[in-house]
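These notes are about the structure you will find just below.
The values are calculated or read from the model by the stated rules, or taken from the named source; none is laboratory data. Nothing here was measured: the structure is a model prediction, and the numbers come from that model. Note: ideal-geometry Cβ built from the backbone for every residue, glycine included; neighbour counts use all protein chains shown.
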Amino acid sequence: MTIEEAHIRIKILVDKIDSSYYEEVLPEEIDEILNEEYLRYIKTHYGKNNIYRRGFDESQKRIDDLKNLVKSAFCNVTEVSYYDNVYRADLSNLFSDENLTTQSEEEYMLYLKGMAITCIGTCCKRNEVKLIQHDDISRIANDPFNKPTAINPVIFFEDSDIFVWVGDNESVNSFLVTFIKMPKKVSILPPVQEFEISSHAVSEIVVGASQIIIEMIESNRVQSNTQNLTLKE
């Protein structure tokens with residue numbers, strides 16, 4: 001479904017409630033509501049805050065819904081001074097190659113998985129990482145059987161970035177993150193920007209956006225009725 005078709009569909013759906021009201025909603029206002037619903041749709045389908053209580057990777061439909069937004073990129077990493085054996089992966093500055101020479105055009109939005117390029121001396125290899133919560137940091141630090149190593153690094157989120165934790169005398173060369181990117185804002189006005197997800201998903205977004213507009217209509221009607229009653233009194 002194109003952005004133009006989405007606007008037409010919204011007008012048809014709202015027209016069933018009030019045949020004259022949708023003309024009061026400007027194209028840029030419809031775009032704004034569509035973009036609001038667009039982000040809500042992505043977040044709902046990514047997590048388990050939905051009627052199915054299933055996340056992104058637990059349902060083939062949800063994977064298909066968001067597959068066009070799934071990207072991978074390399075992060076620049078730097079060792080931090082306030083943690084031992086911990087490296088910070090910068091999510092605000094992504095690259096399409098491991099040498100960090102070509103900057104990625106994608107903007108990080110939601111984490112899916114990661115892989116750390118860890119080194120022991122000059123020997124480096126890629127290893128899958130384990131995501132932990134902050135509550136687990138102290139417990140893992142004092143557990144000799146679960147402490148992170150170069151082949152079993154752990155990560156946690158802090159200050160909008162990923163922190164990679166490895167063992168003593170080990171280092172992190174770079175970090176490959178797979179994520180759901182921030183979608184480009186749709187616009188029917190030049191320069192036109194289409195949706196970046198599948199057409200059936202756009203249909204669901206259109207229905208949600210239409211409901212927001214209808215709620216706006218009903219809210220305005222309530223306010224008008226209240227004002228009329230006040231004037232009569």
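Brief remarks on what is shown
- Neighbours by Cβ (under 7 Å, 6+ apart or cross-chain): first from the range 99-118, more than 20 Å from E158 (Cβ to Cβ); second part of a loop (DSSP other than H, G, I, E, B): T102/S96; S104/S96
- T178 vs. criteria surrounded by 13 or more Cβ atoms within 10 Å (Cβ to Cβ) and within 18 Å of K71 (Cα to Cα): yes
- Answer residue from the range 164-206, given it is of a type in the set (V, I, T) and part of a loop (DSSP other than H, G, I, E, B) and is nearest to I12 (Cα to Cα) among those: I188
- Residue that is surrounded by the most Cβ atoms within 10 Å (Cβ to Cβ) [pool: residues in the range 67-98 that are hydroxyl-bearing (S, T, Y), more than 20 Å from G167 (Cα to Cα) and in contact (Cβ under 8 Å) with a residue 40 or more places away in the chain]: S72
- Candidate set from the range 42-65 (those that are more than 14 Å from L112 (Cα to Cα) and assigned to a helix (DSSP H, G or I)); member that is modelled with the highest pLDDT: T44
- Residue within the range 21-41 that is modelled with pLDDT of 65 or more, closer than 30 Å to I140 by Cβ and in a loop (DSSP other than H, G, I, E, B) present: no
- Checked against (1) assigned by TED's automatic domain parsing to the domain that holds A89; (2) loosely packed, with under 15 Cβ neighbours inside 10 Å; (3) of a type outside the set (A, V, I, L, M, F, W, C), E215 passes all but a single condition, namely (1).
- Residue match in the range 121-130 (condition: part of a strand (DSSP E or B), at pLDDT 95 or above and basic (K, R)): no
- Screening E170 on (1) at pLDDT 95 or above; (2) touching a Pro at 6+ places or on another chain (Cβ under 9 Å) shows it passes everything except condition (1).
- S138 surrounded by fewer than 18 Cβ atoms within 10 Å (Cβ to Cβ), out of contact with any Asp or Glu (no Cβ under 9 Å at 6 or more places or on another chain) and outside the structural domain of Y41 (by TED's automatic domain parsing): yes
- Residue under evaluation K147, criteria (1) in a loop (DSSP other than H, G, I, E, B); (2) surrounded by fewer than 16 Cβ atoms within 10 Å (Cβ to Cβ), criterion not met: (2)
- Scanning the range 150-175 for residues that are hydroxyl-bearing (S, T, Y), surrounded by 14 or more Cβ atoms within 10 Å (Cβ to Cβ) and within 23 Å of M109 (Cα to Cα) yields a single hit, S174.
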